[in-house]
1. Restricting attention to region 66-112, which residues are within 18 Å of Q122 (Cα to Cα), open to solvent by 50 Å² or more (accessible area, probe 1.4 Å) and of a type in the set (D, E, K, R)?
2. Listed residues R144, R106, R112; which is farther than 20 Å from E32 by Cβ and either of a type in the set (D, E, K, R) or modelled with pLDDT of 90 or more (or both)?
3. Given the conditions (1) modelled with pLDDT of 95 or more; (2) open to solvent by 20 Å² or more (accessible area, probe 1.4 Å), which single one is not true for T44?
4. Under 9 Å between Cβ atoms, at least 6 apart or on separate chains: pull out the pairs that start in region 58-86 with a residue that is under 22 Å from I102 (Cβ atoms) and modelled with pLDDT of 90 or more and end on any residue that is β-branched (V, I, T) and open to solvent by 30 Å² or more (accessible area, probe 1.4 Å).
5. If you check M173 against the conditions, is it aliphatic (A, V, I, L, M), under 19 Å from the mean Cα position of the chain (by Cα) and either at pLDDT below 85 or open to solvent by 60 Å² or more (accessible area, probe 1.4 Å) (or both)?
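The values are calculated or read from the model by the stated rules, or taken from the named source; none is laboratory data. None of these values were measured; they are calculated from a predicted model. Here the Cβ is made from the backbone with ideal geometry for all residues, glycine too, and neighbour counts use every protein chain on show. Remember, those area values only see protein heavy atoms, side chains included, never the ligands or the DNA or RNA. Shrake-Rupley method; radii C 1.70, N 1.55, O 1.52, S 1.80 Å.
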Amino acid sequence: MMILWIILGAIGGIIFLVLLIAAFSKKDFAVERTITVNKPLTETYAFLTSLKKQNQWSKWTQLDPNIKMTYIGEDKTVGFISKWESPHKQVGEGEQEIKKLIPNQRIENELRFLKPMRSVAQAYFTVAEETETHTCVAWGFTSRTPWPFNAFMLFFNMEEAIGKDFQQGLENMKRMIEAE
């Protein structure tokens, strides 16, 4: 019986330690990557406002060739929603909505992940003219990990994990837009 109490005490101590670490760990994270495309600013901005086109170059939608896509509203306008559904664990189920468009400057989207885990994130694109034929594109993402799950962020670097996927997506986007 004493061994059982020792085991339960150890488990309780570990749980308490994780909760304590979570109380003092950061909850917010942000990721951003940039790339230069060989297209003028206005063409680049127009291309990026399309969630339907984004689904053609995004790293995540390419993981499942049988992904089910549903669209609500008019693409390239505030309120347009792109929904996805996939059994692939890295794709899951969710939706993305265009929340704000600042012509030739910024696009703001809200991502609502439903499966495998519920969460909400804000994503954005900014565009800046480098030359008449070259545009710098930044793709960013901010989110919050709720307590006590934020304790695991100490062992998982979101900047690194998502950052490489963003970079791959930007490279796909660059190839696609430059081919048009």
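1. K76, K83, K99, K100, R106, E108
2. When all the criteria are applied, what remains is R112.
3. (2)
4. Sorted first by the residue in region 58-86, then by its partner, the pairs are G79/I72; F80/I72; I81/T70; I81/I72; S82/T70; S82/I72.
5. Taking the combined requirement at face value, the residue does not satisfy it.
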